[in-house]
1. Given the criterion more than 21 Å from the chain's Cα centre (by Cα), basic (Lys, Arg) and either open to solvent by 50 Å² or more (accessible area, probe 1.4 Å) or within 28 Å of residue 220 (Cβ to Cβ) (or both), identify the matching residue among 46, 5.
2. Kindly provide the set of residues from region 76-97 that are part of a helix (DSSP H, G or I) and either among the β-branched types (Val, Ile, Thr) or under 14 Å from residue 65 (Cα atoms) (or both), ordered by number.
3. Can you say whether residue 109 is under 21 Å from residue 44 (Cα atoms) and either touching a helix residue (DSSP H, G or I) at 6+ places or on another chain (Cβ under 8 Å) or open to solvent by 50 Å² or more (accessible area, probe 1.4 Å) (or both), as far as the supplied structure shows?
4. Restricting attention to region 73-92, which residues are among the small types (Gly, Ala, Ser) and open to solvent by 20 Å² or more (accessible area, probe 1.4 Å)?
5. Quick one: which residue in 41, 11 is modelled with pLDDT of 85 or more, open to solvent by 60 Å² or more (accessible area, probe 1.4 Å) and under 18 Å from the mean Cα position of the chain (by Cα)?
6. Being small (Gly, Ala, Ser) and in a helix (DSSP H, G or I) is the requirement here; does residue 192 meet it?
7. Name the pairs whose Cβ atoms lie under 6 Å apart, with the first residue in region 191-206 and closer than 8 Å to residue 160 by Cβ, the second modelled with pLDDT under 95 and open to solvent by less than 20 Å² (accessible area, probe 1.4 Å), and 6 or more positions between them or separate chains?
8. Just the residues that are of a type in the set (Asp, Glu), farther than 30 Å from residue 61 by Cα and either open to solvent by less than 40 Å² (accessible area, probe 1.4 Å) or modelled with pLDDT of 95 or more (or both), please, taken from region 191-224.
Amino acid sequence: WGATRILSNSRAALDHHHVPGWAQSAKFGVIPNGVDATRFRPQPERRAKQRAALGIPSEARVIGHVGRLDPAKDHDTLLAVAAQLHMQYSSLRLLLVGSDTESASFTKRLERAGVVGITHALGTRTDIDQLHQAMDVFLFPSITEGQPNALIEAMLSGLPIVASDIPGICEALPPGAGSLLFPARDVSAAAARVAAALADPDAARVPRDWAAARYDLARNLDTALREIAPSHTVPARA
């Protein structure tokens, strides 16, 4: 409690962990995470290669998600949306990345949801930026988030996005992005948003220049370091 400065990457996290009224105190501050926009970027020339490597047909409609297997990520809604949309799009595929998504117990959940035959569950991967290129829309149905890094990376990769309407996610999006959101756990609303994104991908893309500016890695790191050590200066990149 003797801290002179308390920093967070989102207002949502401070709302969750601290008493109401923190925003009126000079002790608290928000610095968004930084994401490498040179790594996470649109690379349409890699689409065919990535799909071939994963065994995904070139004509498939691919819903992607990145997130560990955890109740907060709400994979139940994700699977239910895929099951519902598979009736509309026979070519639909679900591409899942994240720890334990490759587990036997999760495979049973895929079977119960009726989507095991259309799902590519990859577990933990380090090539997320490349896997993004195989996706058509990024669905992020979390029920709690501080700052949704996986969603930010997808935005920077140029993917159309659909996400749950919760504080941590709303804070990560630009003004006017409400058409990309659905009430948390609302499968029908989420499926409708995904279908709209598949029909009009450009309408579901967050302006990349906005995302790159807000989550600029060098600037946000420099700001954080200056807060921690005011005399610190981040060396210029070569």
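1. 5
2. Hits for region 76-97 are 76, 77, 78, 79, 80, 81, 82.
3. So residue 109 does not fit the description; no.
4. If the condition is that a residue be among the small types (Gly, Ala, Ser) and open to solvent by 20 Å² or more (accessible area, probe 1.4 Å), then 80, 83, 90, 91 are the ones that fit.
5. Numbers: 11 fails: modelled with pLDDT of 85 or more.
So the residue among 41, 11 that is modelled with pLDDT of 85 or more, open to solvent by 60 Å² or more (accessible area, probe 1.4 Å) and under 18 Å from the mean Cα position of the chain (by Cα) is 41.
6. On the way: small (Gly, Ala, Ser): yes; in a helix (DSSP H, G or I): yes.
Judged against the criteria, residue 192 is a match.
7. Filtered contacts from region 191-206: no entries.
8. The one that is of a type in the set (Asp, Glu), farther than 30 Å from residue 61 by Cα and either open to solvent by less than 40 Å² (accessible area, probe 1.4 Å) or modelled with pLDDT of 95 or more (or both): 222.
The values are calculated or read from the model by the stated rules, or taken from the named source; none is laboratory data. Keep in mind that what you see is a predicted model, and the values were worked out from it rather than measured. As a convention, Cβ positions derive from the backbone with ideal geometry for all residues, glycine included, and neighbour counts pool all protein chains shown. With ligands, DNA and RNA removed, areas are computed over all heavy atoms of the protein, side chains included. Shrake-Rupley method; radii C 1.70, N 1.55, O 1.52, S 1.80 Å.
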